[in-house]
Amino acid sequence: MRFGKKGKPSPRYVGPYRIMKRVGNVAYELELPTKLATVHLVFQISLLKKCVGDPASIVPLESVVVKDSLTYEEVPVEIIGHLVRSFRNKEVSSLKVLWRSQSTEGATWEIEAAMMANYRHLIPSD
């Protein structure tokens, strides 16, 4: 999973960081910490979000371990819900998963079979 790319289970935004200057019509140069020295400083405006002071939408950089290849691994912390969805000819069991760098609002529904294959230790045995 690439750093900064949207999608499950990547964080929506990492930051906040100060805008240093405007570069062209749709790009801005950010003041990034030395920990992100390998990341280019200029970002297109579509990748940025105005920081309105909602701490739930900001993921601290310390909780995301970015590797040298600019990738990271998101780890589930806890199962906080269970749901069985019925379709025409089958039932699908889903688990609500709380991820390491997300708040409870950022928990996602995942298919139980996939979670059993990768994270069996989190699922309580009956």
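The values are calculated or read from the model by the stated rules, or taken from the named source; none is laboratory data. All of these numbers come straight from a predicted model, not from anything done at the bench. No Cβ is skipped: glycine too gets one built from the backbone with ideal geometry, and neighbour counts run over all protein chains shown.
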Counted residues, the range 98-126 - those being hydrophobic (A, V, I, L, M, F, W, C), closer than 27 Å to Val66 by Cβ and without any contact (Cβ under 8 Å) to a residue 24 or more places away in the chain:
3
Mind listing whichever residues of the range 5-23 are at pLDDT below 90 and in a loop (DSSP other than H, G, I, E, B)?
Lys5, Lys6, Gly7, Lys8, Pro9, Ser10, Pro11, Arg12, Tyr13, Gly15, Pro16, Tyr17
Given Ser57, Ser69, Ser94, Ser46, which one is small (Gly, Ala, Ser), surrounded by 14 or more Cβ atoms within 10 Å (Cβ to Cβ) and at pLDDT 75 or above?
Ser94
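In the range 100-126, how many residues are among the aromatic types (Phe, Trp, Tyr) and within 13 Å of Gly81 (Cα to Cα)? Outline the logic, then answer.
Residues of the range 100-126 among the aromatic types (Phe, Trp, Tyr): 109, 119.
If we keep only those that are within 13 Å of Gly81 (Cα to Cα) too, we end up with 109.
Total meeting the criteria: 1.
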